[in-house]
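The values are calculated or read from the model by the stated rules, or taken from the named source; none is laboratory data. Everything quoted here is computed from the prediction, not taken from an experiment. Cβ placement follows ideal geometry from the backbone for every residue including glycine, while neighbour counts extend to all protein chains displayed.
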Amino acid sequence: MTGTGEAADWDERYRRFPELYGSRPNDFLVTTEILLPRGARVLVVGDGQGRNGVWLAGRGHEVTSVEQSPVAVRQAQGLARARGVALTCVVADLAQWITTPEATGPWDAVVWIFVHLPRAARARIGAGLGPALQPEGRLIMETYSTAQPQLRSGGPTDPEVLSHRDDAAAHWPDLIVESRILERRIFEGRAHQGLGSVVQVLGRGRGRRPRRGAE
């Protein structure tokens, strides 16, 4: 899972805990996947050990999973093989990868689950990936809020990488964004256990873009 800390640190965590975040998909993703077209081309950022990307592939979507930890990517590939699905895995730092041709899509959806980065990095990524979505493309995002450290149920404690309700709207200017903050029970591997304070985001493109040169 992309987040604060070097890739080597995440490698060590994933070696020690092969199911750090479990193998089940995120609950919010499960409830919102119905918004995607059949066979959607989906980009899953910070996919860690692949639980979300593999599940989406099992739902018939064409999934590209981006993760900075080579150890996690190998585990994601193993999970995909075990479930008999195709998953395109990319080992890369997300903030750098968004500048490559491979990042331009176009994507039907970007899935961002518990990826915690500094605000400036989130803004760069949102500004880069927003235009790479199809005109009616979707953003599905869940992150911990700035209230999460008080609950002590997982996630980072640095307020710089935690989310305010309106962050996504600021960071994804090309999208129409709806956000809510709530507390919910989270049981996703050993790292996320108990009542959590989260920001849930649904974004979508603004519709058909004008042709170049059109008024």
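Give me the residue from segment 98-154 that is more than 17 Å from GLY205 (Cβ to Cβ) and among the aromatic types (Phe, Trp, Tyr) and, out of that set, farthest from the chain's Cα centre (by Cα).
Restricting to residues being more than 17 Å from GLY205 (Cβ to Cβ) and among the aromatic types (Phe, Trp, Tyr), the top hit is TYR144.
Yes/no matrix, rows are residues, columns are (1) surrounded by 23 or more Cβ atoms within 10 Å (Cβ to Cβ); (2) polar (S, T, N, Q); (3) more than 23 Å from THR157 (Cβ to Cβ); (4) in contact with a Gly (Cβ under 9 Å, 6 or more places away or on another chain):
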position: GLU12; (1), (2), (3), (4): no, no, no, no
position: VAL44; (1), (2), (3), (4): yes, no, yes, yes
position: ASN52; (1), (2), (3), (4): yes, yes, yes, no
position: LEU56; (1), (2), (3), (4): yes, no, yes, no
position: GLU62; (1), (2), (3), (4): no, no, yes, yes
position: PRO70; (1), (2), (3), (4): no, no, yes, no
position: LEU79; (1), (2), (3), (4): no, no, yes, yes
position: CYS89; (1), (2), (3), (4): no, no, yes, yes
position: ALA92; (1), (2), (3), (4): no, no, yes, no
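Does VAL66 meet the test of being farther than 23 Å from VAL199 by Cβ, among the aliphatic types (A, V, I, L, M), within 15 Å of the chain's Cα centre (by Cα) and crowded, with 17+ Cβ neighbours inside 10 Å?
Working: farther than 23 Å from VAL199 by Cβ: no; among the aliphatic types (A, V, I, L, M): yes; within 15 Å of the chain's Cα centre (by Cα): yes; crowded, with 17+ Cβ neighbours inside 10 Å: yes.
Judged against the criteria, VAL66 is not a match.
Just checking, which of PRO37, PRO18 is surrounded by fewer than 23 Cβ atoms within 10 Å (Cβ to Cβ), over 16 Å from the mean Cα position of the chain (by Cα) and either assigned to a helix (DSSP H, G or I) or modelled with pLDDT of 95 or more (or both)? Quick ask: steps written out before the conclusion?
Working: PRO18 fails: either assigned to a helix (DSSP H, G or I) or modelled with pLDDT of 95 or more (or both).
Residue meeting the stated conditions: PRO37.
Which condition does PHE187 not pass, out of (1) aromatic (Phe, Trp, Tyr); (2) under 21 Å from VAL30 (Cα atoms); (3) modelled with pLDDT of 95 or more, if it passes all the others?
Single failed check for PHE187: (3).
Consider segment 153-167. How many of its residues are among the β-branched types (Val, Ile, Thr) and touching a Ser or Thr at 6+ places or on another chain (Cβ under 7 Å)?
1
For the list (1) in contact (Cβ under 8 Å) with a residue 40 or more places away in the chain; (2) in contact with a strand residue (DSSP E or B) (Cβ under 7 Å, 6 or more places away or on another chain); (3) under 18 Å from TYR21 (Cβ atoms), I need the number of the one condition that SER69 fails.
Answer for SER69: the failing condition is (2).
Out of the residues in segment 72-92 meeting the condition of being in a loop (DSSP other than H, G, I, E, B) and touching a strand residue (DSSP E or B) at 6+ places or on another chain (Cβ under 9 Å), tell me which one is nearest to LEU43 (Cα to Cα).
As a first pass, look at segment 72-92 and keep what is in a loop (DSSP other than H, G, I, E, B): 84-87, 92.
If we keep only those that are touching a strand residue (DSSP E or B) at 6+ places or on another chain (Cβ under 9 Å) too, we end up with 85-87, 92.
Details: VAL85: 16, ALA86: 14, LEU87: 11, ALA92: 13 Å.
The extreme case among them is LEU87.
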